[in-house]
Amino acid sequence: MADKAVQRRNILKSTLAAAAAVGAAAPLASHAQATLTWRMQALWDGGTTPQKFEERFVARVAELTGGRFKINLFAAGQIVPAAQAFDAVRGGAFELMKTFDGYEAGKIPAFAFTSTIPFGFAESDEYEAWFYERGGLDLVRQAYAPAGLHYIAPTVYGQEPLHSKVPIRKIADLTGKKGRFVGLASAVMGAMGVSVTPLPTGEVYSALDKGVIDMADRGDLTANFEAGLAEVAKFVVVPGFHQPTTATSYVANRAAHDKLPAEFKAALAVAAREISAALRQHILVSDAAVLAKYQAKGCEIIRFSAADVAAARPKAMAAWRTATKGDALATKILDSQVAFMKELGLLA
């Protein structure tokens, strides 16, 4: 515990130092640089809690740069459909997106491991530490670079629950069900006997409502309640073994990012790190309260046993390895994560 406390203090000091450097530089540069405006499309619908934190992100960037770097924020689908955001930013249609790397894991295997590890890291601090303390940032930037994109930073938070139209009380109950999962979760849940259909976040509600799928992951408990999932899926399964920790990501067009002055690049990185911590803490508090709201809507909260989840982990780990598809960078990322999980005592 002492080592973790020291590590967190060191991280905080470095973050604050970066923020101070950005703030100190602003007055010096204010006369030399004109205002720059970018556009950003987020993952979330307008008015939802995660989108409000994206509003805080763009406001913080503006604040850190003395108002000289403005990011116009758009909700999911407002510029292009969510499934087209990767190619749109890559092609320069707009400069910045908030995304979930797993959406593109079919094309770039490394992305399977930079958004979530089913049955893996149990705590969001552990996953975030892999990015910042075990070289994860550099590895994911290597994965994005050939696409002409620059990975700025993750937003890391905790579990995403499983929402189901039918009761799922143990791992064995997954067999034969139809579910929406993306990224590495799709491979792992497929190994558990689920017929997987990858869908954009915005299509989860309608797919559950129409019975296209039996179950789905989507977002955190509060975001899912705000999206109305309590109306169409009356069983909420926790903990989210399929996505125990989650990383969404700020990704920029690389050419546009390369042109930024160092001060603006630092502002993006600092604001992203701050929002990651702020959203994680908000979700931690709100999740406890929102479960009662689900129950008030007639939902049953199902809690999986730790023993059942642990018994299924070897099968999940085999699916991890398969998901690398033999890709060298994906394998390097997975090996790095497995080594760190062993250091943390999560794996034998």
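Looking at region 310-343, which of the residues that are closer than 14 Å to LEU184 by Cα and without any contact (Cβ under 8 Å) to a residue 40 or more places away in the chain is least open to solvent (accessible area, probe 1.4 Å)?
The selected residue is THR331.
Among the residues of region 281-298, what is the count of those that are surrounded by 17 or more Cβ atoms within 10 Å (Cβ to Cβ) and charged (D, E, K, R)?
1
One line per residue, one yes/no per condition, for (1) in contact (Cβ under 8 Å) with a residue 40 or more places away in the chain; (2) touching an Asp or Glu at 6+ places or on another chain (Cβ under 7 Å); (3) more than 21 Å from MET341 (Cα to Cα); (4) not in a strand (DSSP E or B):
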site	(1), (2), (3), (4)
THR116	yes, no, no, yes
ALA122	yes, no, no, yes
GLU126	yes, no, no, yes
PHE131	yes, no, no, yes
ASP138	no, no, no, yes
PRO146	no, no, yes, yes
GLU160	yes, yes, no, yes
ARG169	yes, no, yes, yes
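Here's the yes/no breakdown for (1) in a strand (DSSP E or B); (2) among the polar types (S, T, N, Q); (3) within 30 Å of ARG313 (Cα to Cα):
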| residue | (1), (2), (3) |
| --- | --- |
| VAL182 | no, no, yes |
| ALA252 | yes, no, no |
| ALA256 | no, no, no |
| LEU260 | no, no, no |
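Condition first: modelled with pLDDT of 95 or more, of a type in the set (Gly, Ala, Ser), surrounded by fewer than 24 Cβ atoms within 10 Å (Cβ to Cβ) and under 21 Å from PRO146 (Cβ atoms). Now tell me which residues in region 63-100 satisfy that.
Answer for region 63-100, where residues must be modelled with pLDDT of 95 or more, of a type in the set (Gly, Ala, Ser), surrounded by fewer than 24 Cβ atoms within 10 Å (Cβ to Cβ) and under 21 Å from PRO146 (Cβ atoms): ALA88, GLY91, GLY92, ALA93.
How about region 98-151: which of its residues are more than 12 Å from the chain's Cα centre (by Cα) and aliphatic (A, V, I, L, M)?
Residues satisfying the conditions are ALA105, ILE108, ALA110, ALA122, ALA129, LEU137, LEU139, VAL140, ALA143, ALA145, ALA147, LEU149.
Taking THR48, is it more than 26 Å from LYS259 (Cβ to Cβ), in contact with a helix residue (DSSP H, G or I) (Cβ under 7 Å, 6 or more places away or on another chain) and of a type in the set (S, T, N, Q)?
yes
Looking for something polar (S, T, N, Q) and out of contact with any strand residue (DSSP E or B) (no Cβ under 7 Å at 6 or more places or on another chain) - is there at least one such residue anywhere in region 74-93?
Checking region 74-93: at least one residue is polar (S, T, N, Q) and out of contact with any strand residue (DSSP E or B) (no Cβ under 7 Å at 6 or more places or on another chain).
Is there a residue in region 97-105 that is polar (S, T, N, Q) and assigned to a helix (DSSP H, G or I)?
There is no residue in region 97-105 that is polar (S, T, N, Q) and assigned to a helix (DSSP H, G or I).
Hey, among the residues in region 106-129 that are of a type in the set (A, V, I, L, M) and in contact with a Leu (Cβ under 7 Å, 6 or more places away or on another chain), which one's most open to solvent (accessible area, probe 1.4 Å)?
Taking the candidates together, the pick is ALA122.
For residues that are of a type in the set (Lys, Arg) and touching a residue at least 12 places away in the same chain (Cβ under 8 Å), scanning just region 188-235, find the one that is surrounded by the most Cβ atoms within 10 Å (Cβ to Cβ).
The residue in question is ARG218.
Across region 264-280, which residue is farthest from ILE152 (Cα to Cα) among those that are open to solvent by 20 Å² or more (accessible area, probe 1.4 Å) and of a type outside the set (Gly, Ala, Ser)?
ARG280
Can you tell which of TYR103, TYR132 is under 24 Å from LEU221 (Cα atoms), among the hydroxyl-bearing types (Ser, Thr, Tyr) and open to solvent by 20 Å² or more (accessible area, probe 1.4 Å)?
One residue alone meets the criteria, TYR103.
The values are calculated or read from the model by the stated rules, or taken from the named source; none is laboratory data. Only a predicted model underlies this, so the values are computations on that prediction, with no experimental measurement involved. FYI the Cβ positions are ideal-geometry reconstructions off the backbone, even for glycines, and counts take in every protein chain you see. Please note that ligands, DNA and RNA were not included when accessible areas were found on the heavy atoms of the full protein model with its side chains. Shrake-Rupley method; radii C 1.70, N 1.55, O 1.52, S 1.80 Å.
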